[in-house]
Amino acid sequence: MTIDGDRSPKGNILDFNFCEKVENETNEKKRRLELVTEGAFEGLFAEGSFSKRQKLSSRRRPASEARFPNLYPLVEDLKIVGKAVSIHGVEYPIKELAEGNFHKVYEFTGDIPVALDDDAGTVILKCLNQKKDPKSLVNVNREDIAAYKLLLNDGVPQPKVYIRPDQFEDTSDNKYGDFWIVERMDGPAPIEEQYVLDFVKKWITQSMIEGREIIPDFYPRNLMIKDGQCYIVDPSFPLDKEEWLENIYGFVIAWSNGKRETYDFLTSDFPVKLKETFDKKLEKKKAKFDGEFPVTGQSKA
């Protein structure tokens, strides 16, 4: 990747090899479902079984090692006209697109071009939300990288990454970093489009076959499209592995969007006992809503 190479410092411009080998970081694929009884699965759905996700304390590093992109006001004729990010000492105007609990996303604006080496399209900058506690953001950053690698290893489509925090060092000041530059998507995945549901069904079914949560946080908000293809845009780490079945049930309900026919489509290729377990849980939920199919706010992109 090059960012306005003529004006950037000579040498190691933003040039990274995306096609890397990633070591297998999980043995969960080999879990043997045939040894787990139907009753064991039902136990996973016991009331109060869902636990709050915990951060990876084993990955914590000192807060002094936290790095942030050099974001500052963009000044023109002594007036603040926006924000800019400094990369290798070059100022790039940016505009905020979205703000989450731990991240912010920006688009590049202005006359300075941001070009890709393969002409794939435009890019965005994703960074840690500097309003948050640096100690917690250090851990969030580690989880982001670990989650990206896990999904990459499983072959889950993600936006192409051109810069990621653990492979980037700013040549003008090494205290700046911990940001991503990734391929920009066209927009949220339309929840009821067949090709989107096909994508969801494929990965949820694979999770049920392997007995693990392949794509954590697999809700509509986390799926976007580009050129008619689906991509997971905010990878997260499967921290509560014992809750994988509960989580997948939640994903199915969210993507079903209140429609039984969609639910039946998404679960049609599940292993028989797991399908029966999901159906029983669904009937219990419907009983609480006067027979209506359960709905959830997680269906919103």
Might you report the magnitude of the Cβ-based charge dipole of the stretch 172-260 about its Cα centre, with Lys and Arg at +1 and Asp and Glu at -1, to the nearest 20 debye? 240 debye
Under the rule rounded for a/c under 1.5, else prolate if a/b exceeds b/c, else oblate, using alpha carbon gyration tensor axes a ≥ b ≥ c, the stretch 182-301 is classed as prolate
Yeah, the stretch 250-301 with a ≥ b ≥ c from its alpha-carbon gyration tensor (a/c under 1.5 is rounded, else prolate when a/b outruns b/c, oblate otherwise) is oblate
Can you pull the accessible area of ARG221 for me, 1.4 Å probe, Å² to the nearest 10? 110 Å²
List LYS275, LYS226, ordered by accessible area with a 1.4 Å probe, largest first: LYS275, LYS226
Given Cβ point charges of +1 (Lys, Arg) and -1 (Asp, Glu) and nothing else, what value in debye, to the nearest 20, does the dipole of the stretch 124-177 about its Cα centre take? 160 debye
Neighbour net charge for TYR195 - beta-carbon separation under 14 angstrom, K R +1, D E -1: -2
Would you work out the charge dipole size for the stretch 66-198 about its Cα centre, treating the Cβ of every Lys and Arg as +1 and the Cβ of every Asp and Glu as -1, and quote it to the nearest 20 debye? 660 debye
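The values are calculated or read from the model by the stated rules, or taken from the named source; none is laboratory data. Remember, predicted model here, so these are calculated numbers, not experimental data. In this analysis, Cβ positions are derived from the backbone assuming ideal geometry, glycine residues included, and neighbour counts consider all displayed protein chains. Protein only, heavy atoms only, side chains kept; ligands, DNA and RNA dropped before computing areas. Shrake-Rupley method; radii C 1.70, N 1.55, O 1.52, S 1.80 Å.
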